[in-house]
Amino acid sequence: MNRATCKVLFYVKRTKALKDGDIPIFVRITVNHKRTEFGLQRKIEKDQWNVEKGKAFPGSKQNKEINTYLDTVKFNI
């Protein structure tokens, strides 16, 4: 019996920077080596994203709201 694998990754697309300088946040869902990705309709300043953790750096109120939203999305997936 094979085990199903499921991974959730949050990332930003720096190449798709918006006019105001912010960058959009995306999620990639991988199940059994098949992946899909889509935008979360959220944006962040490029220097506020922690690539290693896949979340915004803590500190500001906006970043805390983004991290809470990402946790909610991951829980729902």
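The values are calculated or read from the model by the stated rules, or taken from the named source; none is laboratory data. Everything quoted here is computed from the prediction, not taken from an experiment. So basically every Cβ, Gly included, is an ideal-geometry build from the backbone, and we count neighbours across all protein chains shown. With ligands, DNA and RNA removed, areas are computed over all heavy atoms of the protein, side chains included. Shrake-Rupley method; radii C 1.70, N 1.55, O 1.52, S 1.80 Å.
At a glance:
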read-out	value
FRET efficiency, Cys6 to Asn50 (Cβ-Cβ, R0 30 Å, nearest 0.05)	0.85
Entries in Lys19/Lys64; Lys7/Lys53; Lys19/Lys46; Lys16/Lys43; Lys43/Lys64 that, when Cα-Cα distance is taken, lie over 18 Å	Lys19/Lys64
Sulfur and carbon atoms: percent of accessible area, the chain [1.4 Å]	52 percent
Cα convex hull of the chain, projected area averaged across orientations, nm²	5.9 nm²
Accessible area per residue, Å², the chain with all protein chains present, probe 1.4 Å	79 Å²
GNM result for the chain, Cα springs below 10 Å: residue of Lys64, Lys34, Lys53 fluctuating most strongly	Lys34
